[in-house]
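Okay, structure first, notes after.
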Amino acid sequence: MRIDVEQKSDAWLKARLGVCTASRFSDILPGVRGKYKVSRENYLYELAAERLTGISKVFRESIEMAHGNEFESEARDAYEFITGNIVTETGITILDDNLFIGASPDGLVNDIGGIEIKCFDTKRHLKIVVSGMPAELMPQVQGNIWINDCQWWDFVSYDPRITGTKNIYIQRIERDNDYIKTLKDECFSFLNEIDEVIKKVGE
């Protein structure tokens with residue numbers, strides 16, 4: 001279910017209230033050694049609080065996020081020019097079989113693909129150009145593929161401070177059904193834990 005509202009707007013915040021979103025899937029999955037991170041528990045109680053109070057967590061924009069928002073449109077235009085793909089902007093997609101799982105894509109391409117745009121600092125951008133998409137972003141990318149029912153997702157890193165063709169890096173990430181199955185299982189388990197917290201509060 002796609003809800004076409006402007007991202008970061010009040011309507012967008014309302015639509016994602018209490019929703020486990022792809023941008024935070026990395027907090028849900030186990031770490032390298034198979035143990036859950038502290039951020040998982042923090043996120044669990046954050047979403048439980050939103051569902052109990054009906055109030056969204058206060059959104060504070062970091063310097064890095066502000067930079068990304070400033071150049072996201074420019075990066076999208078550059079991506080369209082290079083690939084010939086037409087990107088459709090959208091608000092948030094909510095999973096049909098669980099209304100508390102969603103994703104806010106940076107853009108969709110012909111309903112078969114999408115894009116994830118990152119505008120990091122120059123040092124990190126250069127590292128991506130050399131080594132590829134950071135592994136910690138895979139949960140967000142595969143999560144978007146899953147929730148938006150797509151076959152692929154293009155990761156885009158953009159830094160207008162770099163001159164020449166290396167100011168943009170594009171990497172195609174194909175759908176990985178095994179990865180998505182694990183992601184789905186972890187998300188549903190996570191949401192069951194939130195339900196248990198809410199149930200205990202109501203006792």
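Relative to the longest principal axis of the Cα atoms of the chain, helix 138-147 runs at roughly 70 degrees. Model label points for Glu74 and Arg33, set 7 angstrom from Cα along the Cα-to-Cβ axis, are 4.2 nm apart.
Any number yet on Rg/Rh for the chain, C-alpha, Kirkwood?
Result: Rg/Rh = 0.97.
The share of Cα pairs per 10 Å bin across segment 110-203, counted from zero up to the longest distance, runs 15, 35, 26, 16, 7, 1, 0 percent. Once the Cα atoms are used to define both axes, helix 38-53 deviates from the longest principal axis of the chain by about 70 degrees.
Each reported figure results from applying straightforward, stated rules to the coordinates on display, with no laboratory input. Only a predicted model underlies this, so the values are computations on that prediction, with no experimental measurement involved. Here Cβ is always computed from backbone atoms with ideal geometry, including for glycine, and neighbour counts include all displayed protein chains.
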